[in-house]
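These notes concern the structure reproduced below.
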Amino acid sequence: QVDLVESGGGLVQAGGSLRLACIASGRTFNRMGWFRQAPGKEREFVAGIDWMSGGTMTADSVKGRFTISRDYAKSTMYLQMNGLKLEDTAVYFCAASYRVSLSSTSDSFSHWGQGTQVTVSS
């Protein structure tokens, strides 16, 4: 059984920082990613990473503020979020796939975590 467990969410003031973590247990994936879903909105891609090469892809909405990374030995993916804005408030989901090409589409990911809430206040 494969589990993805997110952590690190919380309440932060605008302009602040948070670091999310996702531990993948059970198997090694080819790529992982972060998505988010705000109330009343569709789930959107935030960032993705190739597990072996460390190559990344980041959504334009968070580019320059969010950084995705992974610790191969710990089977853990991170999302460092700086300069948080009110519109970053959402549930953030960890996702993983055995496919080898980076992609921003949610249906290309086969495994999902339960999500962690990030709330940015003014």
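The values are calculated or read from the model by the stated rules, or taken from the named source; none is laboratory data. This is a predicted model, so every value here is computed, not measured. FYI the Cβ positions are ideal-geometry reconstructions off the backbone, even for glycines, and counts take in every protein chain you see. Quick note on the areas: whole protein, heavy atoms, side chains included, nothing else; ligands and nucleic acids left out. Shrake-Rupley method; radii C 1.70, N 1.55, O 1.52, S 1.80 Å.
Rank these residues by their accessible area, most exposed first, probe 1.4 Å: ILE23, ILE49. Walk me through the numbers before you get to the answer.
Working: ILE23 90, ILE49 5 Å².
Largest accessible area first, the residues go ILE23, ILE49.
Ranked from the most accessible area to the least, with a 1.4 Å probe and all protein chains present, what is the order of SER53, SER17, SER108, SER121? Please report the intermediate quantities before stating the final value.
Details: SER53 85, SER17 60, SER108 5, SER121 35 Å².
Result of the area sort, largest leading: SER53, SER17, SER121, SER108.
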Mind running the shape call on segment 1-109? Use the C-alpha gyration tensor, a ≥ b ≥ c as the square roots of the eigenvalues: rounded below 1.5 for a/c, prolate if a/b tops b/c, oblate otherwise. prolate
Euclidean distance of C-alpha centroids, segment 1-55 and segment 64-122, integer Å: 2 Å
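Leaving ligands and nucleic acids out of the surface, order LEU102, LEU84 by accessible area at 1.4 Å, largest first. Present the calculation step by step, with values, prior to reporting the outcome.
Details: LEU102 60, LEU84 5 Å².
Accessible-area ranking of LEU102, LEU84, largest first: LEU102, LEU84.
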Counting only protein heavy atoms and a 1.4 Å probe, tell me what percentage of the chain's accessible area is made up of carbon and sulfur. 47 percent
Solvent-accessible area per residue for the chain (1.4 angstrom probe, square angstrom): 51 Å²
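Quote the charge dipole size of the chain about the Cα centre in Debye, to the nearest 20; the model charges only the Cβ of Lys and Arg (+1) and of Asp and Glu (-1). Could you put the intermediate results ahead of the total?
Values: 12 positive and 10 negative charges, 35 e Å.
So the magnitude is around 160 debye.
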Looking only at trypsin sites (Lys or Arg not before Pro) in DSSP loops with at most 16 other Cβ atoms within 10 Å, what is the longest site-free stretch of the chain? 1-26
